[in-house]
Amino acid sequence: SGLEKAQVDLIRILTGPDPEARSRAMEMIKPEQFTDPVLQQVVRQALKKADPAALVDLFTDKADRERVAAVLVEATPYENAEQMVVDCVKKLEIHHLKEEIARLRAQMKQMEAREEDPESLLLEVARLQQELRYVQNR
């Protein structure tokens, strides 16, 4: 999926050879935006400047180790890597905001079913939608 590709690309840039792109990635990446638990753990350690070889050793599960190794082995230089960081982080932010809006809308429906006033959630949804539009247009 596009979301997983964005996460993988960010890890590859973070562990890759381009110091400017690496620095930009370190400034912009928030591990909690990573939806895949394995990749989230890798990015947390990569942000601590862990040695890429040590990142594979975080995992005991053979499939996880192989997956992480495959991500790291292909850490080739990207053309325009700094812009790629911006684009990938934007994808993660958009996904996170859409998920949060959907979660709040579901919560609002539950409140309405219980005949409670969902106004506070409505205000939060409106704020998140505004933030989503901002992120999509920057």
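The values are calculated or read from the model by the stated rules, or taken from the named source; none is laboratory data. Keep in mind the model is a prediction, meaning the values are calculated, not measured. Note that we place each Cβ from the backbone using ideal geometry, even for glycine, and neighbour counts take in every protein chain shown. SASA here: full protein model, heavy atoms, side chains in, ligands and nucleic acids out. Shrake-Rupley method; radii C 1.70, N 1.55, O 1.52, S 1.80 Å.
Relative contact order for the range 32-113 using alpha-carbon pairs under 8 Å, separation at least 6, rounded to a whole percent?
Numbers: 22 pairs, mean separation 21.8, N = 82.
Averaging sequence separation for qualifying contacts and normalising by length gives 27 percent for the range 32-113.
Over the chain, give the accessible area per residue in Å² for a 1.4 Å probe, as an integer.
Working: 8420 Å² over 138 residues.
Result: 61 Å² per residue.
For the range 1-31 and the range 85-138, write down the distance between their C-alpha centroids in whole Å.
With the range 1-31 and the range 85-138 each reduced to a Cα centre, they are spaced 25 Å.
Just round it to a whole percent: the fraction of Cα-Cα distances in the range 1-109 exceeding 25 Å. Provide the component values of the computation, followed by the final result.
On the way: 1254 of 5886 pairs.
The answer is 21 percent, as a whole percent.
List the lysines whose Cα sits under 30 Å from the Cα of Lys62, skipping any in the same chain fewer than 8 residues away.
Within the straight-line limit of under 30 Å, Lys62 reaches these lysines: Lys5, Lys30, Lys48, Lys49, Lys91.
What FRET efficiency, computed as 1/(1 + (r/R0)^6) with R0 = 41 Å and r the Cβ-Cβ distance, is obtained for Asp51 and Leu123, rounded to the nearest 0.05? Please list the in-between numbers first.
Values: r = 46 Å, r/R0 = 1.12.
Using R0 = 41 Å, I get an efficiency of 0.35.
How large a share of the accessible area of the range 1-131, in percent, is made up of carbon and sulfur atoms when the probe is 1.4 Å and the other protein chains stay in place?
Of all accessible area on the range 1-131, carbon and sulfur atoms account for 50 percent.
Summing -39500 (n - 2.57) over the DSSP H runs of n ≥ 4 in the chain and dividing by its residue number, what mean residue ellipticity at 222 nm do you reach, to the nearest 500 deg cm²/dmol?
Details: 7 runs with 103 residues, N = 138.
Per the formula, -24500 deg cm²/dmol.
For the chain, calculate the relative contact order in percent as a whole number, restricting contacts to Cα pairs under 8 Å that are 6 or more residues apart.
On the way: 122 pairs, mean separation 39.7, N = 138.
The value is 29 percent.
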